[in-house]
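Okay, so here's the structure we're looking at.
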Amino acid sequence: MRPHILVVEDDAVTREKLVGYFEREGYRVSAAGDGKEMRTLLEQERESVSLIMLDINLPGEDGLLLTRELRAQSRVGIILVTGRSDAVDRIVGLEMGADDYVTKPFELRELLVRVKNLLWRISLAGNQPQDEGDDAVRFGPWRFDIPRRQLNKDGVPVRLTKAEYELLVAFVAHPGRVLSRERILSLISHRGDGPSDRTIDVLIRRLRGKMEPDPRDPQLFVTVHGEGYLFAAELQP
């Protein structure tokens, strides 16, 4: 079954360009020009939509608020498309629950790679690991299979974005050690538009929200004021 992409873009030329390109790449593609059309399409085909490509600058509605609305209702993949270069938009987008973002003008092939990677991660998160193997890291009720990019708690999968995955890898590689924001950036920054100090704080909050019993009293990802963050889990042999 072909993955179903929903393109939400108010510019007709860009919208048709994206629809045509991803249809030629073998995807099923639907399109909406604004938030109202997006909601109508989702009501009709919510179960089949795998990924939403959402323009931030939509007429009448803020794409960032739409991102929060979507994430509150669904675990669908979300890639934000923005014409703004301001890092604040990207940070807020991540905080609202987006999985990835691209900045206009973008290369269609780069966007295709991001779509493929996100759909792959979603697919991995939806499948129970069949082989425990020896490469998984265990701590408390958690099992983190780094090669397969799978995280689960007591057998229940938890989906991570690419940035969240890389951050968790950095922490489990340095258990019990305080990592400064600069050190964390050096461990996870690999893109030209790499994250900032503020992005690290956003990603920490997102990991806490997914993994801490009480995110307001974190036991795994501990803030060491003035220094950075400490991964306090005890890794099991």
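The values are calculated or read from the model by the stated rules, or taken from the named source; none is laboratory data. The model shown is predicted, which means the values in this text are computed figures rather than measured ones. Please note: Cβ atoms are built from the backbone with ideal geometry, for glycine as well, and neighbour counts cover all protein chains shown. Each accessible area value is taken on the protein alone, full model and side chains, heavy atoms only, with ligands, DNA and RNA left out. Shrake-Rupley method; radii C 1.70, N 1.55, O 1.52, S 1.80 Å.
List the residues whose amide H sits under 5 Å from the amide H of ASP11, counting only those 5 or more places along or on another chain, with H placed 1.01 Å from N in the peptide plane.
When sequence neighbours closer than 5 places are left aside, there are no close amide H contacts.
For region 50-122, build the charge dipole from Cβ charges (+1 Lys, Arg; -1 Asp, Glu) around the Cα centre, then report which of LEU58, THR103, VAL76 sits farthest towards its positive end.
Of the listed residues, the answer is VAL76.
What are the ³J(HN,Hα) values, in whole Hz, obtained from phi via the Karplus relation 6.51 cos²θ - 1.76 cosθ + 1.60 with θ = phi - 60°, for each residue of region 168-184 in sequence order, with x given for Gly and Pro?
My calculation for region 168-184 gives 5, 4, 4, 5, 5, 7, 9, x, x, 10, 6, 10, 6, 4, 4, 5, 4 Hz in order.
Which whole-angstrom value gives the distance between the alpha carbon centres of region 214-237 and region 12-44?
Between the Cα centres of region 214-237 and region 12-44 lies a distance of 41 Å.
With a 1.4 Å probe and all protein chains kept in place, how much accessible area does GLU227 have, in Å² rounded to the nearest 10?
About 110 Å², ignoring ligands and nucleic acids.
Calculated from DSSP H runs of 4 or more alone, at -39500 (n - 2.57) each and per residue, what is the 222 nm mean residue ellipticity of the chain, nearest 500?
-12500 deg cm²/dmol
What angle do you read, to the nearest 10 degrees and between 0 and 90, between the alpha-carbon axis of helix 35-45 and the longest principal axis of the chain?
Long axis of 35-45 versus the principal axis of the chain: about 80 degrees.
Taking θ = phi - 60°, what integer Hz values does the Karplus form 6.51 cos²θ - 1.76 cosθ + 1.60 yield along region 154-167, in sequence order, with x for Gly and Pro?
6, x, 9, x, 10, 7, 10, 6, 4, 5, 5, 4, 5, 5
Relative to the present Cα-Cα distance, how much length would full extension add between ARG71 and ARG138 at 0.36 nm per residue of separation?
Numbers: separation 67, 0.36 × 67 = 24.12 nm, distance 2.80 nm.
So the extension gain works out to 21.3 nm.
Working with all protein chains in place, sort HIS4, HIS225, HIS174 by solvent-accessible area computed with a 1.4 Å probe, largest first. Write down the numbers at each step before the final one.
Details: HIS4 5, HIS225 160, HIS174 25 Å².
Greatest to least solvent exposure: HIS225, HIS174, HIS4.
Full extension from VAL156 to GLU212: what is 0.36 nm times the residue separation minus their Cα-Cα distance, to one decimal in nm?
18.7 nm
Can you pull the accessible area of ARG28 for me, 1.4 Å probe, Å² to the nearest 10?
The accessible area comes out at roughly 80 Å².
Sticking with the crude label model, points 7 Å out along Cα→Cβ, report the distance from SER180 to ASP201 in nm, one decimal please.
So the two model labels end up 1.7 nm from each other.
Against the longest alpha carbon principal axis of the chain, how many degrees, from 0 to 90 and to the nearest 10, is the axis of helix 63-73 turned?
70
From Cα pairs below 8 angstrom and at least 6 apart in sequence, can you work out the relative contact order of the chain, rounded to a whole percent? Display every interim value, and only then the final one.
Working: 346 pairs, mean separation 31.0, N = 237.
RCO, the chain: 13 percent.
Which option, (1) 6, 16, 15, 13, 11, 14, 13, 9, 3, 0; (2) 8, 31, 37, 19, 4, 0; (3) 7, 31, 34, 21, 7, 0, is the value of P(r) over Cα pairs in 10 Å bins from 0, in percent that was calculated from these coordinates?
Calculated P(r) over Cα pairs in 10 Å bins from 0, in percent: the matching label is (3).
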